[in-house]
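Below is one structure, written out as structure tokens; comments come after it.
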Amino acid sequence: MDIASFIGVFGGLSIVFFGAFMGGSFGGLIHLPSMLITGGGSFLCLFLTYPLSYVIGLFKVISKVFRTADFKEKETVQKLVALSEKSRRTGLLALEEEIQDFEDDFLRTGLRNVIDGIDGAQIRISMENELNQMEARHNTWISVVNAWATLAPGFGMLGTVMGLIGMLLNLEDKSSLGPNMSTALVTTFYGSLMQNWLLVPISSKLMYQNALEVKSKEMIIEGILGIQSGDHPRILAQRLLTYLNPVDRKELEAELIRE
Amino acid sequence: MDIASFIGVFGGLSIVFFGAFMGGSFGGLIHLPSMLITGGGSFLCLFLTYPLSYVIGLFKVISKVFRTADFKEKETVQKLVALSEKSRRTGLLALEEEIQDFEDDFLRTGLRNVIDGIDGAQIRISMENELNQMEARHNTWISVVNAWATLAPGFGMLGTVMGLIGMLLNLEDKSSLGPNMSTALVTTFYGSLMQNWLLVPISSKLMYQNALEVKSKEMIIEGILGIQSGDHPRILAQRLLTYLNPVDRKELEAELIRE
Amino acid sequence: MDIASFIGVFGGLSIVFFGAFMGGSFGGLIHLPSMLITGGGSFLCLFLTYPLSYVIGLFKVISKVFRTADFKEKETVQKLVALSEKSRRTGLLALEEEIQDFEDDFLRTGLRNVIDGIDGAQIRISMENELNQMEARHNTWISVVNAWATLAPGFGMLGTVMGLIGMLLNLEDKSSLGPNMSTALVTTFYGSLMQNWLLVPISSKLMYQNALEVKSKEMIIEGILGIQSGDHPRILAQRLLTYLNPVDRKELEAELIRE
Amino acid sequence: MDIASFIGVFGGLSIVFFGAFMGGSFGGLIHLPSMLITGGGSFLCLFLTYPLSYVIGLFKVISKVFRTADFKEKETVQKLVALSEKSRRTGLLALEEEIQDFEDDFLRTGLRNVIDGIDGAQIRISMENELNQMEARHNTWISVVNAWATLAPGFGMLGTVMGLIGMLLNLEDKSSLGPNMSTALVTTFYGSLMQNWLLVPISSKLMYQNALEVKSKEMIIEGILGIQSGDHPRILAQRLLTYLNPVDRKELEAELIRE
Amino acid sequence: MDIASFIGVFGGLSIVFFGAFMGGSFGGLIHLPSMLITGGGSFLCLFLTYPLSYVIGLFKVISKVFRTADFKEKETVQKLVALSEKSRRTGLLALEEEIQDFEDDFLRTGLRNVIDGIDGAQIRISMENELNQMEARHNTWISVVNAWATLAPGFGMLGTVMGLIGMLLNLEDKSSLGPNMSTALVTTFYGSLMQNWLLVPISSKLMYQNALEVKSKEMIIEGILGIQSGDHPRILAQRLLTYLNPVDRKELEAELIRE
């Protein structure tokens, strides 16, 4: 569970409550029709923007920002270096039994190809291809969120203009002027809130998680090709360690290189 | 028929009706001259922006977002792997009769070149050239839609400024102030509506359909060159499967690889 | 003559007249000092932005959008394929007499280099160099138009702020308030009109014409190098046809390939 | 200590004080709840945008802009040229004792790999990999600052809209209108101040420092590979000097080349 | 002296004077405290954005836009072709005496390396390295101007919000309302004026001058390597001429190629 995401969501919400309380606008900020116009309108427009499956699956993807993204780079480096040592001692075929219970499909398929004696250039093409396809899928999802983040304030503005037009057509009744204009502004508020508080941050975190996953997969490709070409485990470890964050790196350096 | 696009168009429209009903601005939002200024003005400016044929053909291109984009990647992979198996058993020339009734021009021309014994690098250049030209044509169309999406709110703003100037010149008549300003705002409303509800989503969907088509054609190029260089059908299948979405992929993996 | 450009310019203008007529702002929209501030101010700033020769030559470049851009790709393909056939039958030197009356400098110089027996890689470098320089010149012109398109609304806004300041200093005279504010808004109107109605569309069309010219020159380079390396005319035709639009392509395919 | 950063921070602050004093808005600009909404709200949203560790470590990274970024390029060039001379006279192994007390990890590890006789291409890959990872880490930090710079005015605008809504709901009390609207505007002020005075400049300076560090590391890679391939020290010096700023370069040129 | 730049600066200024005179806002536009807030505040923030030396040297760089950028490409082509002819007749060493009095460091150093018999690939790397470093320095200066161009309207807006807050706190005094609000708007005016009239144009002209210098240096690299590899002077001339503008090119073509 990604605690930071919860802090962000509830922190932003409490700031809004606090601001509404301070500004005396509490009652005015809860307005269901305005929510429908801004949130519903911008969401419905996503159907014109992207295929059905992407819009329907959107909330499942968004829920990912509440899960900690952990791609176990540290364990993967340890595994890869261990496999490299074993393969140099007892040959590539000896890795067969090791990889049975690897959970990571990408790592296991790559290693099986190595054991099957497929050519290194071929393996690299195949694995990079898969990596690129994964990245393209992620980027499409992220662009759905971005599209929503752009549409939300657009519909907020639409709602406000509609409200202003309604208000201007009934200017005679001075007492309703304030409430009418306040209602008109609420859609701008919702649009801006959706964009700043939720959608832009969610899109950024999804991008960050994607970058992490891409990096971990690039590291796996380097590792597998290093094992195949029989690099010295110490050299391989040195190369793989550059993919880790500084903290993990220092730890593993002591263990894998300077032993 | 792409149901999502219809949901988007009619959903957005009903939200606007709903908002107009809630805000009491129903009558004020239907204003033919404002429609002409915003929609007509921005459309006429497209003639200065792009050649005649592109502006005239625009609505035909836009209608594509209501057709489901299906490039039959799954069937193509099955065909390509089957052809690969056949060519390894009975030679490239045996593919001649298979390709007679292929509907896809791109696939058929590529395969015919393979059968004719044209050099692989030559085939790749020729096919990628064609793919690039197709993508350039699509991108020009998309940029026409984008240009419209930028011009529409610009003309909306122009109309509003014109309306405000007219209103300010007749400030004495206080009773007409509200309706005049409301009329001025209607062009802003139309401009923003055209941009957010129609043109930006349409441009995005066209881009998405183009990306799908490019990917399916890239897969065909890979497949054809794999057949020519006599790759093992299983290796070829593995490479082609990376182009599919995860669902189709799982299905075909069972069929083509683990059989 | 590019009819579309005329439709764009006069269509946009008539929409503005129509809008001014509907909004009762006809008299207020014609204001010479505001035109000078917005149009003149932004144009004078171009002198600080670009060298003298570019600003002076700007209107000549802009006038190009009213000329149909026709780079005769179809005729060029026919010529190139014919030359390819002739050179295979009677040798490269026989092309000498053919190219005397070619109007296109780029094509003729390239072919002369082929006849003179200059190395293919050398020819490609030299021709691509020339193509890049042409594109760089075009892009500089386009960026001058873009700079103007950005400066115009900026000066419109400047004029409006100046007008508002003047108005606020004379708030006592209530009767002049409306006309003063209306005058202030006119510069915003001119800035937005220049940007949306003229400069952004002109920049787009110049970019489109440049893209066409670049594509036609790239096709010529491919053709000339194909002639030099003695490619089969049918293969060459197939490669060159990918540069044409679908309509011309279908026509020539019948003529050049399936004959 | 980077004096310029202090000048920037305190100079900007004093301008604001000066402006508040001139505009008579001194009292109105200090408003704790508005600070909380703008600063606190935008900061809390960073938690949704980035992982916990990045948000917590943000202030430590920001503090870097107050430290002078000095990567000692001049000394590094002198060291590298001296090592190059020594290695040509007495062999690569003689460098062993020289590098013991080098403080720069990147330089020392690279040189050790050279002494250990590891292949040049291998060393380049490993060092560039490390450089890329460092740059990616820096860019993530910079993008956190940029995210904040975008969120701050967004939350400022949110606060203003909330304030306006509150004000419009209480329009009857004319005397509170001014102060209420002034309070509403204060969040816009804070958001704009945070963006213009602090976050955008800080992001720029971090980017500048990163560019400097990347350049100095690229220079080290060139130097180490030059030493390994036994380039003439004068040639190596000439190449490395191109990485220095003009002042340092002139100085070292006299010393290293024209001696 | 670049006359265009003077036209731009004084033309823009006179337009502003003209506009102030027409709008009756002359007195209101001269407001020293507002100048300090907008110009001074945004300039001080540059200290936080860039290192001390860049901010201090900024005005010297800006003064360059008033000097005509002339890189003497025509003379350089003539020199290079002449050197090419001489070196083919009497050998590379004979160039020694020719280059003594060349003023251009870049050209002279490159030629000296050729005479010294340094390898062509080496020379290219060294010269391109120097070119890249020069471009990086120029781009940093340009980005300082751009940063200022972004900060100026930001501080203008800050000043206006501060002024509005001050005004709203003193709403009772109706007579001061106009002047107060006018003063608040003046900072917006200054910010927009600095951006549109000075900083964006200056940044563009610096970019243009940089592009010219890069192109002329690229031409020198091509020429020097052509001389080294002993290209025929006519071929070399043809290649170098593509770097010139069409006018100079026509002139030199007559002289160097068709003689």
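The values are calculated or read from the model by the stated rules, or taken from the named source; none is laboratory data. Being a predicted model, the structure only gives us computed values, none of them experimental. Please note: Cβ atoms are built from the backbone with ideal geometry, for glycine as well, and neighbour counts cover all protein chains shown. Please note that ligands, DNA and RNA were not included when accessible areas were found on the heavy atoms of the full protein model with its side chains. Shrake-Rupley method; radii C 1.70, N 1.55, O 1.52, S 1.80 Å.
What to note about this one:
- Ranking C:Gly40, C:Leu107, C:Leu158 by how far each Cα lies toward the positive end of the dipole of the protein assembly as shown (charges on Cβ) leaves C:Leu158 at the top.
- Overall dimensions of the stretch A:133-185, expressed as equivalent-ellipsoid semi-axes from the Cα gyration tensor (√(5λ), whole Å, largest first), are 40, 8, 4.
- Annotation: C:Ile30 carries an accessible surface of approximately 110 Å², with a 1.4 Å probe and no ligand, DNA or RNA atoms counted.
- Shielding of E:146-158 by partner chains, average beta-carbon count, 10 Å: 4
- Helical contribution to [θ] at 222 nm, DSSP H n ≥ 4, -39,500 (n - 2.57), averaged over chain C, rounded to 500: -24500 deg cm²/dmol
- Length-normalised contact order of chain A in % [C-alpha pairs under 8 Å, at least 6 apart]: 30 percent
- Normalised alpha carbon radius of gyration of the protein assembly as shown [divisor 2.2 N^0.38 Å]: 1.01
- For E:197-210, mean number of other protein chain Cβ atoms within 10 Å: 4
- 3J(HN,Hα) from dihedral phi, the stretch C:54-70, Karplus parametrisation 6.51/-1.76/1.60, rounded to Hz, x for glycine, proline: 6, 6, 5, x, 4, 5, 5, 5, 4, 5, 4, 5, 9, 9, 5, 7, 10
- Check: chain D dipole with +1 on Lys, Arg Cβ and -1 on Asp, Glu Cβ, in debye: 540 debye
- Förster radius 51 Å - calculated FRET efficiency between B:Asp173 and C:Glu135 (Cβ-Cβ, nearest 0.05): 0.35
- Here is how far apart the D:Gln100 label points are across copies: 5.2, 5.2, 8.5, 8.5 nm, shortest first, using a point 7 Å from Cα toward Cβ.
- Over 25 Å [Cα-Cα, the stretch A:89-197], rounded percent: 57 percent
- Kirkwood Rh in Å, taken over the stretch A:192-259 so that all alpha-carbon pairs contribute: 14.1 Å
- Other-copy label distances relative to A:Glu128, 7 angstrom Cα-Cβ extension, nm: 1.2, 1.2, 2.0, 2.0
- Charge dipole of the protein assembly as shown (Cα centre as origin; +1 on each Lys and Arg Cβ, -1 on each Asp and Glu Cβ, all else neutral): 2420 debye, rounded to the nearest 20.
- Note on C:7-18: average number of Cβ atoms from other chains within 10 Å of each residue's Cβ is 6.
- Kyte-Doolittle mean at least -0.5 and Cα axial length at least 20 Å: DSSP H helices in chain B: B:3-23, B:120-169, B:177-193, B:200-228
- For the stretch B:179-259, size of Cβ-based charge dipole, Lys and Arg +1, Asp and Glu -1, in debye: 220 debye
- Mean separation of Cα contacts under 8 Å, 6 or more apart, over the residue count of the stretch B:116-259: relative contact order %: 27 percent
- Packing, taken as the mean count of other beta carbons within 10 Å per residue, orders the peptides C:243-256, D:72-85, B:94-107 from highest to lowest as D:72-85, C:243-256, B:94-107.
- Across the stretch B:18-134, Cα pairs under 8 Å and at least six residues apart give a relative contact order of 10 percent.
- Mean Cβ neighbour count within 10 Å, used as a protection proxy, ranking C:44-52, D:157-165 highest first: D:157-165, C:44-52
- Share of pairwise Cα separations in the stretch D:1-143, more than 19 Å, in percent: 72 percent
- For the stretch B:71-98 versus the stretch A:8-70, the gap between their alpha-carbon centres in whole angstrom: 49 Å
- Taking only the C-alpha atoms of chain A, Rg followed by Dmax gives 26.3, 92 Å.
- Sorted largest first by accessible area at a 1.4 angstrom probe radius, with every protein chain in place, the residues C:Thr109, A:Thr38 fall in the order C:Thr109, A:Thr38.
- In the frame of its principal axes, the stretch A:36-98 has Cα extents of 67, 22, 15 Å, reported largest first.
- Order by protection proxy (mean Cβ within 10 Å, highest first), peptides A:61-69, D:169-177: A:61-69, D:169-177
- With all protein chains in place and ligands, DNA and RNA left out, the 1.4 Å accessible area ranks E:Trp141, A:Trp197 as E:Trp141, A:Trp197, largest first.
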